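One structure below.
The values are calculated or read from the model by the stated rules, or taken from the named source; none is laboratory data. Keep in mind that what you see is a predicted model, and the values were worked out from it rather than measured. FYI the Cβ positions are ideal-geometry reconstructions off the backbone, even for glycines, and counts take in every protein chain you see. With ligands, DNA and RNA removed, areas are computed over all heavy atoms of the protein, side chains included. Shrake-Rupley method; radii C 1.70, N 1.55, O 1.52, S 1.80 Å.
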Amino acid sequence: MTNRPAESAAAAEAPEAEAGPRWLTEAEQDTWRAYMHAHTLLEDHLDRQLQRDAGMPHIYYGLLVQLSEAPRRRMRMTELAQHAKITRSRLSHAIARLEKNGWVRREECPSDKRGQLAVLTEEGFAMLSRSAQGHVAAVRAAVFDRLTPEQAAQFGEACRIIASGLQPAGADVPWLR
């Protein structure tokens, strides 16, 4: 719950109420719920599209994209977890599934024998190439075709501001867990 629970008028004016949480205003609550609703629907929409067209969830597609953009299509597992914003455990499970499909393989890190690299295979790159057009079309239809260029720019700026506030030095972030 992010807004104030129902309470009596007397309790709302009590000094203890001032020391409590800073509840969302009605307008903030409306914005928050609209965001959560849109986020949930968008993730479901993209997952369904990728499952239908490529046989993989959105998170796996994102991992393949990260690897495709990395030098030599390979990345340290810890760095990939950081880019994907997921725990190392979840990444390890996802990479195992991608390995079974032949889309990724693991290699020892030449500079650190304790580390591992995730490597995008040719088969994985081909799958990514085949599924990219449908995915981009789904993102465009769901987001960018519904916003004006000004709204899209404001949306991007708002997301960058929120993200920067959630990643301060020393933060408890998933890829460090």
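For the subset of segment 47-78 comprising residues that are under 12 Å from the mean Cα position of the chain (by Cα) and of a type in the set (A, V, I, L, M), which member is modelled with the lowest pLDDT?
The extreme case among them is ILE59.
Somewhere in segment 80-90, is a residue open to solvent by 40 Å² or more (accessible area, probe 1.4 Å), touching a residue at least 40 places away in the same chain (Cβ under 8 Å) and within 20 Å of ASP145 (Cβ to Cβ)?
Within segment 80-90, none of the residues are open to solvent by 40 Å² or more (accessible area, probe 1.4 Å), touching a residue at least 40 places away in the same chain (Cβ under 8 Å) and within 20 Å of ASP145 (Cβ to Cβ).
Against the conditions (1) farther than 18 Å from GLU43 by Cα; (2) surrounded by fewer than 16 Cβ atoms within 10 Å (Cβ to Cβ), where does VAL104 fall short? Just the number, please.
Going through (1) farther than 18 Å from GLU43 by Cα; (2) surrounded by fewer than 16 Cβ atoms within 10 Å (Cβ to Cβ) one by one, VAL104 breaks only (2).
So HIS83 ticks every box in (1) closer than 26 Å to GLN167 by Cα; (2) in a strand (DSSP E or B) but one. Which box is left unticked?
Condition not satisfied by HIS83: (2).
Can you work out which of the residues in segment 108-155 that are part of a strand (DSSP E or B) and open to solvent by 50 Å² or more (accessible area, probe 1.4 Å) is modelled with the lowest pLDDT? First the steps, then the outcome.
Looking only at segment 108-155, we keep the residues that are part of a strand (DSSP E or B), and these are 108-109, 112-120.
Those still in the list that are open to solvent by 50 Å² or more (accessible area, probe 1.4 Å) too: 108, 113-114, 116.
On the way: GLU108: 92, LYS113: 76, ARG114: 80, GLN116: 92.
Restricting to residues being part of a strand (DSSP E or B) and open to solvent by 50 Å² or more (accessible area, probe 1.4 Å), the top hit is LYS113.
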